[in-house]
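Visitor: Right, I'll just put the structure down here and ask away after.
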Amino acid sequence: MLRTYFHGIHVGYHAKMAEFAGFDMPIEYTGIKDEHLTVRRGVGVFDVSHMGEIWVKGPSALAFLQKVTTNDVAVLQPGQAQYSCFPNGKGGIVDDLLVYYFSPEKYLLVVNAANVVKDWNWLVSQNSLGVILENASDKISQLAVQGPKALEVLQKLTAIDLSAIKYYTFVVGEMAGTKDVIISATGYTGAGGFELYFYNEHAESMWKAIFDAGKDFGIKPIGLAARDTLRLEMGFCLYGNDIDDTTSPIEAGLGWITKFNDQKDFIDKALLLQQKQQGTAQRLCGFEMIDRGIPRHHYTLTDAQGQAIGHVTSGTQSPLLEKGIGMGYVPTALSKPGSEIYLEVRGKLLKAKVVKLPFI
């Protein structure tokens, strides 16, 4: 298994380790609920160095990204980031990603760890415009410092006014004595905070500086299990669960990152426009359990008569709401908030209600 540059630190904390996307990653340290609530109420740090970073450079960089992503890259200003996805030419999704705009000829794509090779091969196969592609994934470490106290902690380590970095914007500057750190007001938790990108050689010093600065704030390391429960409370899609090569962004409720305008011609545009105009047979929805029960990945969803209508793509016991929550694809007619659906658990039907996302 691959290891991030923080691996020894995780082992030193006696974290529960497991394979994720080919990496030996920390799943939990003190327990999912404790870590989850630490991020919601205070500040926690995730090692997300397994994520992929791909540079796109050259005079045709914008035109290339307009072709391979669904969102409108042309609206970005320098220092802005954008959530988007790669359509796969068959109505599905290669991956979801962040696009960072540095300059008209320089963009950074941050992609899912499990899809780095797949995404790289896809981009190379679509590169008819001669852009310069660089896979920098092996050179860059990333920490996500998340929670309502994240700003106070990190502000102790930089002269940059972090409060001026608005949601989905970024700056490049000095953090904890390390230069050229990408400081991005993004994250996967909905709890606020920043994602920091820096070269691998600064990994241990960055970790130590952040935890020294966070001592008075109850800072803790957070594992991938709590990252999953945090993102699910926000209704954020996880690639491989809620979206994949067989699901379209329209079905997944990602129409807001799928921009149909005359200036943008992207892969699958005609097909996805047709889906938007005519509707789809199924839609991804969020639901809360009414009966007592915890939705698990792949559990069957049914109608009131017990007829299968879909399956759970993501589910958990929400640490904040203290009830079962989940997401899944159901017939469009049953995807509207207030609709009653059922979860089949060991032959029993447990009642649930479709709700508007996010859950909190």
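Visitor: Select from the range 114-145 the residues that are of a type in the set (S, T, N, Q) and without any contact (Cβ under 8 Å) to a residue 40 or more places away in the chain and write down the one among them that is farthest from Tyr188 (Cα to Cα).
Guide: Ser128
Visitor: Kindly indicate whether any position in the range 159-180 is in contact with a Lys or Arg (Cβ under 9 Å, 6 or more places away or on another chain), at pLDDT 95 or above, farther than 20 Å from Gln82 by Cα and among the basic types (Lys, Arg).
Guide: Within the range 159-180, not a single residue is in contact with a Lys or Arg (Cβ under 9 Å, 6 or more places away or on another chain), at pLDDT 95 or above, farther than 20 Å from Gln82 by Cα and among the basic types (Lys, Arg).
Visitor: For the range 225-239, name all the residues that are in the same structural domain as Ala21 (by TED's automatic domain parsing) and among the hydroxyl-bearing types (Ser, Thr, Tyr).
Guide: Thr229
Visitor: Further question on the same structure: When you scan the range 189-201, do you find a residue that is assigned to a loop (DSSP other than H, G, I, E, B), in contact (Cβ under 8 Å) with a residue 40 or more places away in the chain and crowded, with 22+ Cβ neighbours inside 10 Å, even just one?
Guide: Yes, because at least one residue in the range 189-201 is assigned to a loop (DSSP other than H, G, I, E, B), in contact (Cβ under 8 Å) with a residue 40 or more places away in the chain and crowded, with 22+ Cβ neighbours inside 10 Å.
Visitor: Can you tell me how many residues in the range 241-269 are farther than 21 Å from Gly328 by Cβ and either among the charged types (D, E, K, R) or free of Cβ contacts under 8 Å to residues at least 24 places away in the same chain (or both)?
Guide: Within the range 241-269, residues that are farther than 21 Å from Gly328 by Cβ and either among the charged types (D, E, K, R) or free of Cβ contacts under 8 Å to residues at least 24 places away in the same chain (or both) number 7.
Visitor: For the range 114-161: of the residues being assigned to a loop (DSSP other than H, G, I, E, B) and of a type in the set (D, E, K, R), which is farthest from Phe23 (Cα to Cα)?
Guide: In this case the residue turns out to be Asp161.
Visitor: So, one more: Take the residues in the range 15-32 that are touching a Pro at 6+ places or on another chain (Cβ under 9 Å) and buried (at least 19 other Cβ atoms within 10 Å of the Cβ); name whichever of them is nearest to Met1 (Cα to Cα).
Guide: The qualifying residue nearest to Met1 (Cα to Cα) is Pro26.
Visitor: Follow-up. Looking at (1) within 28 Å of Arg41 (Cβ to Cβ); (2) in contact with a strand residue (DSSP E or B) (Cβ under 9 Å, 6 or more places away or on another chain); (3) among the hydrophobic types (A, V, I, L, M, F, W, C), which is the one condition that is false for Leu320?
Guide: (2)
Visitor: Report every pair of residues separated by at least 6 positions or lying on different chains whose Cβ atoms are under 7 Å apart, first residue within the range 283-301 and touching a residue at least 24 places away in the same chain (Cβ under 8 Å) and assigned by TED's automatic domain parsing to the domain that holds Met327, second surrounded by fewer than 16 Cβ atoms within 10 Å (Cβ to Cβ) and small (Gly, Ala, Ser).
Guide: So the pair list comes out as Thr300/Ala308.
Visitor: May I ask you to list pairs of residues, at least six apart or on different chains, whose Cβ atoms are under 8 Å apart, with the first in the range 175-187 being closer than 11 Å to Tyr100 by Cα and the second being polar (S, T, N, Q)?
Guide: Hits for this filter: Ser184/Thr169.
Visitor: Further, regarding this structure: Any chance the range 333-340 includes a residue that's of a type in the set (A, V, I, L, M), in contact with a Cys (Cβ under 9 Å, 6 or more places away or on another chain) and closer than 30 Å to Ala74 by Cβ?
Guide: Checking the range 333-340: not a single residue is of a type in the set (A, V, I, L, M), in contact with a Cys (Cβ under 9 Å, 6 or more places away or on another chain) and closer than 30 Å to Ala74 by Cβ.
The values are calculated or read from the model by the stated rules, or taken from the named source; none is laboratory data. None of these values were measured; they are calculated from a predicted model. Don't worry about glycine lacking a Cβ; one is built from the backbone with ideal geometry, like all the others, and counts go over all protein chains shown.
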